[in-house]
Amino acid sequence: MTPPNDSESGGSQTLERGLALLVELSRHPEGLSTSQVSAATGFHRSIAHRLLVSLHRTGFAARDDSGRYTVGPAVTGLLGGTGPSLRTVAEPVLHRLARRLDATASLVEAIGTAAVTTVVAEPPTDGPLFWYRKGSRDPLDHGSGGLAALASGPPRAAEPPRVQAIRETGCVITHSEVNIGAHGIAAPLPGWPVRAAINVVTSDPDLAERAVPHVLEAAAAIGTLRDHLGEG
């Protein structure tokens, strides 16, 4: 599907190409390689590659270990899908968790190659805090949030070895991997269209240990998309 190129009509050719590429991905749920995308859209391979990289980085395309691309979780979120969104379900749970632990709690989603903070709950405290802005991006391969988000999905060939241990235990504690002096406690959230995790950050090492059962309880309260189908 190649969009018309009419310079007199205005608009953005890059945007039109990106949308055309997304439409082509939607026609192939089994996924397409970069070369196949190029052939299907008529775009030069270098153009297809650049568009795919941008779509993957922003979550509008997903890429598997073999290099095949499919429509990404951001599209599902944009369309609403069936049932409530993970962010809608997680937000009240995160606010309760932040108040209980007196620490910042957040929802982290794997978008492209980054662990992106998509919901933030701050505690009602005047003390020092490690906090995250909504939209903050951290590595997926270290730090509690990114590692736990990876563990929420099936194994990947190139994932860090400790991700499987997180799948088995249901949580992870890290120290100073993303922010110096910060202790991160995270739990995977399997069963949603996007790889995601609950993440709590604190400077108190004692709280890091005490927080584990509360983080696990919050993850259970969020549950899976299947748990919420038919609600409303």
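Scan the range 205-221 for residues that are touching a strand residue (DSSP E or B) at 6+ places or on another chain (Cβ under 7 Å) and modelled with pLDDT under 95 and the total you get is 2.
Please work out which residue is farthest from Ala114 (Cα to Cα), limiting yourself to the range 32-45 and to residues that are open to solvent by less than 50 Å² (accessible area, probe 1.4 Å) and of a type in the set (S, T, N, Q). So, considering only residues that are open to solvent by less than 50 Å² (accessible area, probe 1.4 Å) and of a type in the set (S, T, N, Q), the one farthest from Ala114 (Cα to Cα) is Thr41. If you go through the range 93-116 and keep only what is among the β-branched types (Val, Ile, Thr), in contact (Cβ under 8 Å) with a residue 60 or more places away in the chain and in a strand (DSSP E or B), you end up with Thr104, Val108, Ile111.
Within the range 109-121, being open to solvent by less than 20 Å² (accessible area, probe 1.4 Å) and over 22 Å from Arg68 (Cβ atoms) holds for Ala115, Val116, Thr117, Thr118, Val119, Ala121. Taking the criterion of being loosely packed, with under 12 Cβ neighbours inside 10 Å, in contact with a strand residue (DSSP E or B) (Cβ under 7 Å, 6 or more places away or on another chain) and in a helix (DSSP H, G or I), the only residue of the range 14-31 that qualifies is Ser26.
All but one of (1) in a loop (DSSP other than H, G, I, E, B); (2) farther than 18 Å from Ala103 by Cβ; (3) open to solvent by 40 Å² or more (accessible area, probe 1.4 Å) hold for Pro124; which doesn't? Evaluating Pro124 over (1) in a loop (DSSP other than H, G, I, E, B); (2) farther than 18 Å from Ala103 by Cβ; (3) open to solvent by 40 Å² or more (accessible area, probe 1.4 Å) leaves (2) as the failure. The sole residue among Gly184, Gly153 that is open to solvent by less than 70 Å² (accessible area, probe 1.4 Å) and over 19 Å from Leu101 (Cβ atoms) is Gly153.
Whenever a residue of the range 26-52 is small (Gly, Ala, Ser), its partners that are open to solvent by 80 Å² or more (accessible area, probe 1.4 Å) and in a helix (DSSP H, G or I), lying with C-beta atoms within less than 7 angstrom and at least six residues away or across chains, give the pairs Ser35/Arg45; Ser38/Arg45.
Asp64 meets all of the listed conditions (1) at pLDDT below 90; (2) buried (at least 19 other Cβ atoms within 10 Å of the Cβ); (3) out of contact with any strand residue (DSSP E or B) (no Cβ under 6 Å at 6 or more places or on another chain); (4) not hydroxyl-bearing (Ser, Thr, Tyr) but one, namely (2).
Scan the range 33-69 residue by residue and report those that are of a type in the set (A, V, I, L, M, F, W, C) and either closer than 20 Å to Ala158 by Cα or part of a helix (DSSP H, G or I) (or both). Scanning the range 33-69 gives Val37, Ala39, Ala40, Ile47, Ala48, Leu51, Leu52, Val53, Leu55, Ala61, Ala62. Remark: pairs (first residue in the range 160-181, within 14 Å of Val212 (Cβ to Cβ); second residue in a loop (DSSP other than H, G, I, E, B) and open to solvent by less than 50 Å² (accessible area, probe 1.4 Å); Cβ separation under 7 Å; 6+ apart in sequence or on different chains) = Thr174/Gly143.
The values are calculated or read from the model by the stated rules, or taken from the named source; none is laboratory data. Computed from a predicted structure; not experimentally measured. Positions of Cβ are backbone-derived with ideal geometry, glycine not excepted, and every protein chain shown enters the neighbour counts. Side chains are part of the model used for accessible areas, which takes the heavy atoms of the whole protein and leaves out ligands, DNA and RNA. Shrake-Rupley method; radii C 1.70, N 1.55, O 1.52, S 1.80 Å.
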